[in-house]
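Below: the structure, in structure tokens.
The values are calculated or read from the model by the stated rules, or taken from the named source; none is laboratory data. The structure displayed is predicted, hence computed values, not measured ones. All Cβ positions, even for glycine, are placed from backbone atoms using ideal geometry, and neighbour counts span all protein chains on display. For the accessible areas, the whole protein counts, side chains as well, though only heavy atoms, and no ligand, DNA or RNA atoms are used. Shrake-Rupley method; radii C 1.70, N 1.55, O 1.52, S 1.80 Å.
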Amino acid sequence: MLINALNQYYDMLSRAGKVCPEGISKQKVSHMIMLRPDGSISSITDIRRQSKPDKKGKTKLEMREIDLPERTQKPGIDFNIIEHRPLYIFGLNYDKKTGEFSPEDKTMKAKKSHECFVKGNLDFTEGMSSEIVKAYRNFISRWKPEEETENKHLKQLGKDYDGGYFCFALDGNTKCTLHDMDGEIMKKVLNSPNTAAEPDGICAVTGEWDQIARIHDKVQGIAGGQASGCSLVCFKGTAVESYGKTQSYNSSISQSVMKRYTQALNILLKDRTHKMYLEDLTVVFWAMSEDDSAETDMFSMLMEGDKADSEQTDKAIFNAMRELGQGRQADLAALNIDENVEFYIAGLAPNNSRIAQKFVYRDKFGKIFENLARHQADMLLEDTKAQIPLWRICSELKSPKSNKEKTPPPLLSAMFTAILNGTRYPDALLETAVRRVKTDKFVNYVRAGIIKACINRKVRINNETEEIKMALDKENINQAYLCGRLFAVLERVQKNAAKTKLDRTIKDSYFASACAKPATVFPKLMVLAQYHLGNDDFAVADNKLMGEITDKLCCEFPQTLPLNEQGRFILGYYHQNQDFYKKSSDKTEISE
């Protein structure tokens with residue numbers, strides 16, 4: 001489904017003029033080599049530009065994209081028409097420690113690469129007479145790597161040499177470039193006859209008799225993947241081959257479809273508005289429309305928690321969340337989106353040099369929006385300020401003391417699938433959230449929201465009536481919820497009696513035990529509370545609240561609480577605490 005969808009999206013991009021003509025590809029470049037007519041270098045100019053500030057206000061230097069003849073995908077040494085790689089152009093290695101340039105290395109790769117570049121480009125440009133091509137040919141002919149180890153222009157590049165990519169222009173005229181689409185080289189590339197091999201199979205995507213691709217082009221931009229790119233379709237080893245076919249012939253995808261889907265996917269991965277990263281998972285999304293900006297922006301807002309461009313849009317999103325949270329149909333008219341457009345979401349992860357497809361989801365955007373808004377509504381609490389991004393949910397599932405811990409990929413994929421389909425959250429999500437609260441001894445609106453969403457969605461899907469509300473529910477007589485409320489009151493009594501900040505409260509000693517086995521802890525805590533009430537300035541009010549809760553408990557505490565009930569315990573505790581203090585915090589400690 002993914003390759004077929006990307007193949008169709010290529011048509012959308014083509015109609016919008018966003019894809020390169022056949023034989024041309026986009027390439028990032030960092031520097032422009034200015035050539036004199038005799039082929040000597042007058043200067044090497046840094047043409048990178050400052051990026052837009054990120055969420056933290058930081059910027060970085062970004063390379064520029066230009067159209068070049070299609071780049072080689074072959075492993076090993078192979079030339080490109082209009083070369084952009086420094087090792088091929090200059091034939092020199094750079095030593096980062098000494099800052100020295102040298103044509104020598106153990107494998108002689110620099111020498112072989114430069115020789116390949118010289119022969120291939122001189123042969124291709126034979127007979128061309130434009131000024132820039134003449135200067136390019138003169139440069140190729142006169143440049144001797146062994147004589148240029150002290151070249152001042154390369155010395156000025158320094159560490160930028162290895163990571164740089166280069167283009168060529170005529171000295172004194174930056175618009176007279178070698179890659180000009182009206183130039184001799186690019187015209188020859190565009191007018192070159194198609195030398196594709198004879199058809200040899202039926203394409204699994206189009207169903208037409210065509211040439212089957214043996215090797216698929218690389219896809220770049222996958223988080224954690226190789227910088228040179230990864231393959232979405234590849235076969236390695238005879239165990240995955242059948243019917244005498246080798247390598248990617250087993251996929252039965254034609255050469256033309258291969259070029260189309262890889263180009264479409266690379267374009268999506270280069271565009272920040274069509275992708276998001278969740279640890280090692282790269283999520284790509286698009287609508288089958290020539291202009292899908294409204295839908296992709298809305299998807300990003302709901303998944304990443306970004307603020308809308310206008311208060312009106314932000315208010316419309318929040319109203320839709322509340323309507324869905326109250327069981328009513330959301331009004332999407334104010335959001336200026338196409339509810340019926342097909343929308344695709346794909347989760348991709350690296351696997352060595354290959355791409356592992358974790359999930360692919362397709363539906364009308366109106367349905368996807370409702371499921372995303374329903375997810376946010378399920379997470380909603382009284383003190384929730386805005387949409388909770390998925391990355392924030394993932395961060396709350398890990399220890400705050402660990403910088404290296406990652407969300408297990410199966411849990412991340414299952415959670416994403418549940419959000420998109422509007423189905424039950426994975427049991428592991430509730431278990432992890434409850435365990436983190438008990439271990440870390442704190443709960444905030446995100447962790448409480450996760451627990452509330454898991455419990456409420458399970459109850460709703462099972463057609464049961466009890467649902468946990470966004471704030472304190474004094475009518476809720478669930479025993480676990482009442483125990484959580486009571487624990488919050490007992491802690492408040494202890495703090496009020498102490499008059500000063502305590503180094504250790506009952507939360508530090510008993511919270512995890514009270515959450516799992518109330519009957520073993522609460523009798524002791526009730527006895528301690530009688531001592532604390534004697535020094536509590538709010539003894540009357542606190543004692544009355546304790547009495548109201550214990551009356552509903554029928555003076556009997558549950559022996560053990562299963563996972564769902566432990567979640568209700570935590571929510572009862574959180575709601576009662578929020579009712580005491582009426583303040584929201586990004587991370588409200590349980591002791592507050």
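Values computed for the structure shown
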| item | result |
| --- | --- |
| Under-5 Å amide H pairs with residue 231, H placed in peptide plane, nonlocal only | 219, 354, 355 |
| Residues of the range 125-159 with amide N under 18 Å of a point placed 7 Å along Cα→Cβ from residue 43 | 152-158 |
| Probe 1.4 Å, all protein chains present, accessible-area order of 70, 148, 131, largest first | 131, 70, 148 |
| Area of residue 206 that stays accessible when all protein chains are in place (1.4 Å probe, Å², to 10) | 60 |
| Nearest-10 value in Å² for the accessible area of residue 60, using the 1.4 Å probe | 120 |
| Among (i) 171; (ii) 216; (iii) 197, the entry that matches volume of the Cα convex hull per residue in Å³ as calculated here | (ii) |
| The chain, accessible surface, carbon-and-sulfur percent (1.4 angstrom probe) | 48 |
| For a label point 7 Å along the Cα-to-beta-carbon line of residue 64, residues of the range 156-194 with backbone N under 17 Å | 164-183 |
| Cα lying deepest toward the dipole's positive end in the chain, options 340, 298, 13, charges on Cβ | 298 |
| Residue 277 versus residue 509: modelled label distance in nm, points set 7 Å from Cα along the beta carbon direction | 4.7 |
| Whole-angstrom Cα spans of the range 26-124 along principal axes, big to small | 46, 35, 33 |
| Residue order for 292, 210 - accessible surface, 1.4 angstrom probe, largest first | 210, 292 |
| Accessible area in the full protein assembly, largest first, 1.4 Å probe, for 119, 364 | 119, 364 |
| Phi-based couplings in Hz for the range 208-220 (Karplus 6.51, -1.76, 1.60; Gly and Pro marked x) | 9, 6, 7, 6, 7, 6, 7, 10, 8, 5, 6, 10, 10 |
| Between helix 479-498 and the chain: long-axis angle, C-alpha atoms, 0 to 90°, nearest 10 | 80 |
| Label point at residue 502 placed 7 Å out along Cα→Cβ; residues across the range 542-559 whose backbone nitrogen lies under 20 Å | 542-547, 549-550 |
| The chain - charge dipole about Cα centre, Lys and Arg +1 at Cβ, Asp and Glu -1, debye rounded to 20 | 1600 |
| Surface accessible to a 1.4 Å probe, residue 296 within the full protein complex, Å² | 0 |
| Between the range 557-576 and the range 243-296, the alpha-carbon center distance in angstrom | 45 |
| Amide H partners (placed H, <5 Å) of residue 351, local residues excluded | 356 |
| Phi-based couplings in Hz for the range 135-145 (Karplus 6.51, -1.76, 1.60; Gly and Pro marked x) | 5, 5, 5, 5, 4, 4, 6, 8, 6, 10, x |
| Backbone HN-Hα couplings from phi across the range 291-299 [Karplus 6.51/-1.76/1.60, Hz, Gly and Pro as x] | 10, 10, 4, 5, 6, 5, 5, 5, 4 |
| Nearest-0.05 FRET efficiency for residue 51 and residue 11, computed from C-beta distance (R0 41 Å) | 0.85 |
